[in-house]
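Heads up, the thing below is written out as structure tokens.
The values are calculated or read from the model by the stated rules, or taken from the named source; none is laboratory data. For clarity, every value in this text was computed on a predicted model and none was experimentally measured. For neighbour counting, all protein chains shown are included, and Cβ atoms are generated from backbone atoms with ideal geometry for every residue, glycine included.
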């Protein structure tokens with residue numbers, strides 16, 4: 001029998017999964033979803049196909065980033081858009097979205 005101490009993701013080799021402590025999150029399952037999204041090319045499809053009519057002159061987050069964050073939030077059980085404020089420092093969300101700053105309610109326009 002072998003023991004796995006550290007795993008590395010194919011979608012982002014910088015992400016290492018180990019069981020030694022460090023930054024913790026209850027949403028670590030999103031790392032597997034990120035792998036699935038990457039393998040299927042869904043993130044690339046969103047980049048090519050998903051556009052909004054946002055007329056903002058200065059944007060910090062792309063349409064694809066907005067969509068992916070909302071999808072990951074829903075998958076993780078955060079069904080309200082204002083949950084994004086609580087997730088701004090979550091290490092897993094930052095890792096799967098490959099961002100230092102997450103989208104907060106200031107960026108979401110809900111009609």
Log entry, pairs with first residue in the stretch 39-65 being on the phi < 0 side of the Ramachandran plot and loosely packed, with under 11 Cβ neighbours inside 10 Å, second being assigned to a helix (DSSP H, G or I) and at pLDDT below 80, beta carbons closer than 7 Å, six or more apart or on different chains, reads none
Got a sec? Which of 24, 7, 32 is surrounded by fewer than 13 Cβ atoms within 10 Å (Cβ to Cβ) and modelled with pLDDT of 70 or more? 32
Where residues in the stretch 66-78 are buried (at least 16 other Cβ atoms within 10 Å of the Cβ) and part of a loop (DSSP other than H, G, I, E, B), which of them is modelled with the lowest pLDDT? 78
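Examine the stretch 52-63 for a residue that is at pLDDT 85 or above and more than 14 Å from residue 98 (Cβ to Cβ), and state whether such a residue exists.
no
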Say we look at the stretch 79-94 and pick out the residues that are at pLDDT 80 or above and over 17 Å from residue 60 (Cα atoms); which of these is surrounded by the fewest Cβ atoms within 10 Å (Cβ to Cβ)? 91
